[in-house]
1. Checking B:S147 against (1) more than 25 Å from B:V18 (Cβ to Cβ); (2) among the hydroxyl-bearing types (S, T, Y); (3) modelled with pLDDT under 90: exactly one of these is not met. Which one?
2. How many residues does region B:44-58 hold that are outside any loop (DSSP other than H, G, I, E, B) and away from chain A (no Cβ under 14 Å)?
3. Would you confirm whether or not region B:36-43 contains a residue that is in a helix (DSSP H, G or I) and under 27 Å from B:A183 (Cα atoms)?
4. Take the conditions touching a Pro at 6+ places or on another chain (Cβ under 9 Å) and either farther than 19 Å from A:E150 by Cβ or acidic (D, E) (or both) and apply them to B:L120. Does it pass?
5. Name every residue in region B:166-205 that is hydrophobic (A, V, I, L, M, F, W, C), more than 20 Å from B:Q123 (Cα to Cα) and either part of a loop (DSSP other than H, G, I, E, B) or touching a helix residue (DSSP H, G or I) at 6+ places or on another chain (Cβ under 7 Å) (or both), in order of residue number.
6. Within region B:12-35, how many residues turn out to be in a strand (DSSP E or B), farther than 19 Å from B:L145 by Cβ and small (G, A, S)?
7. Exactly one condition in (1) within 14 Å of chain A (Cβ to nearest Cβ); (2) in contact with a strand residue (DSSP E or B) (Cβ under 8 Å, 6 or more places away or on another chain) is false for B:G91; which is it?
Amino acid sequence: MGTSTRGIWPALSLLALVAIWVGAAAVADAEKLPGPVDVWRALLAQVETSGYFFHLGITLARVAAAFLIAMAIGSAIGIALGVSDVANRVFSGWLLLFLNLPALVTIILCYVWFGLNEAAAVTAVAINKIPNVAVTLREGARALSKDLAEMAAIYRFDFSTRLRHVILPQLAPFFAVAARNGLALVWKIVLVVELLGRSNGVGYQLYLYFQQWDVATILAYALGFIVIVQAIELAILARWERYANRWRR
Amino acid sequence: MSGLRVAIRGRSFGDKSVLGEIGFDLEPGERLALLGPSGIGKSTLLGIIAGTDTGFEGTVTRPDGRIAVVFQTPRLLPWRTLAENIAVVPGAGDLDRARSLLAEVGLGEACDMHPERVSLGMQRRAALVRALAVDPALLLLDEPLVSLDPQSVGAMRDLLTFAMDRTGATVVMATHDRREALALTDRIVELGGTPARLVSDRKSPLGRDARRDPRQVDDVYREWFEPDSFEPGGGAAA
């Protein structure tokens, strides 16, 4: 199959989904399942009157903050656990506990303990994500090559050279997995956080229009969301992964 | 300038004793072959000499200066090009120096390729360049000619001689190939038994020029390793 035809399939498949949506909307109650045209109109109305991009932007900023914090802290914990047997034995139980802590519990506790503010919101999201990052990076750190570590010691690599040229490239695939899984998770939790304790952002808007039973607007926000997530995936993650893997045969 | 002094009393892994008492002194610049069958503990001994293995009994005194090792598997960083692999080593110089060193060993065209895209022979040559780039006082070679095709063996042997001459380093080379040992080193010790000990320690009668001549290598080979064969001119298949 040539490259020109390969790009067509996802587009065709998406078109089919839209066609099913149109068909279903024609049959169903227009209030419960509005068609694409109605959703588009709702989206334009939001853009004009209710700050659609403002709410998307606020949510995006919260996602970015929570994502970066969780990646940094989760990686540090994961690498430490992967490298040190003692640390792993002492803390792997904690990790298991946090992995299985329901997101809603973390969110509620953060709001109760730290107040209904921005810091509590971002912390709640980050805490939900940190254990997943830590588990992934722990596997990566366990798989670090002893052969290359020996080589680096013999050739007197200093700490920063070792980190940049020996350790981080080996962890790159694990960072990619953690980032990809993490982004999907953070996106979903951030909406709940906004719904429960913020007065702006996509989660808050969804809550608002749920109370008004306005399905078209809800779908308009969902669509914007999907487009942004896909754009980040294609523009940043996929490109970075291709770059990180360029040396493979 | 000092050479290398090895005085090992033993090395065990768990209750398995791999190395027994092993001792030898090398003059600065002297080249030693550690000869013995695969699995006898040559790599273990090299690890002790290199300083990566510290779980042994005894002492090793290394010459002042840097140590370089050419490992049996090249141990290049697969995500860096051949030239980058050399330039990242502290004290090895910049990318331009790495490229010109690689060009000297016939890797001028491959210097910006990643290791997995070139042959094992080329990877090992690059690993040898990395070793000589740090101008080592002690150079350790672990089976540098194993699993190369016959043409690469000849080229690599010349290159090893070039590297040893250029650095003037004290050299320890582990090998299971007796001819290879005779062709490259001043002195040959044989490891044998369990745990492994030195079963012989001989200075090669061949000077550094003489050992480049395959016939002279063959003569010493027969004299040393096939004492029962009296057929002059060869024909004694091992």
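1. (1)
2. The initial filter retains those residues of region B:44-58 that are outside any loop (DSSP other than H, G, I, E, B), namely B:44-50, B:57-58.
Still in the list and also away from chain A (no Cβ under 14 Å): B:45, B:57-58.
Qualifying residue count, region B:44-58: 3.
3. Here is the first cut: in region B:36-43, the ones in a helix (DSSP H, G or I) are B:42-43.
Pick out the ones that are also under 27 Å from B:A183 (Cα atoms) and you get B:42-43.
Yes - at least one qualifying residue is present in region B:36-43.
4. Numbers: touching a Pro at 6+ places or on another chain (Cβ under 9 Å): yes; either farther than 19 Å from A:E150 by Cβ or acidic (D, E) (or both): yes.
Taking the combined requirement at face value, the residue satisfies it.
5. Quick first cut of region B:166-205, residues hydrophobic (A, V, I, L, M, F, W, C) only: B:169, B:171-174, B:181-184, B:188-189, B:191, B:196, B:198-199.
If we keep only those that are more than 20 Å from B:Q123 (Cα to Cα) too, we end up with B:169, B:171-172, B:181-184, B:188-189, B:191, B:196, B:198-199.
Of everything in region B:166-205, those that are hydrophobic (A, V, I, L, M, F, W, C), more than 20 Å from B:Q123 (Cα to Cα) and either part of a loop (DSSP other than H, G, I, E, B) or touching a helix residue (DSSP H, G or I) at 6+ places or on another chain (Cβ under 7 Å) (or both) turn out to be B:A169, B:V171, B:V172, B:L182, B:A183, B:L184, B:I188, B:L191.
6. First, pick out the residues of region B:12-35 that are in a strand (DSSP E or B): B:12-13, B:16-19, B:22-26, B:31-35.
Right, trim to farther than 19 Å from B:L145 by Cβ and you get B:12-13, B:16-19, B:22-26.
From what's left, small (G, A, S): B:12, B:17, B:23.
Number satisfying all stated conditions: 3.
7. Status for B:G91: all satisfied but (2).
Each row is one residue, and each column tells you yes or no for (1) charged (D, E, K, R); (2) in contact with a His (Cβ under 7 Å, 6 or more places away or on another chain); (3) at pLDDT below 95.
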| residue | (1), (2), (3) |
| --- | --- |
| B:S2 | no, no, yes |
| B:A7 | no, no, yes |
| B:F13 | no, no, yes |
| B:L19 | no, no, yes |
| B:I22 | no, no, yes |
| B:E27 | yes, no, yes |
| B:S38 | no, yes, yes |
| B:T44 | no, no, yes |
| B:T52 | no, no, yes |
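The values are calculated or read from the model by the stated rules, or taken from the named source; none is laboratory data. Quantities reported herein were computed from a predicted structural model and do not represent experimental measurements. So basically every Cβ, Gly included, is an ideal-geometry build from the backbone, and we count neighbours across all protein chains shown.
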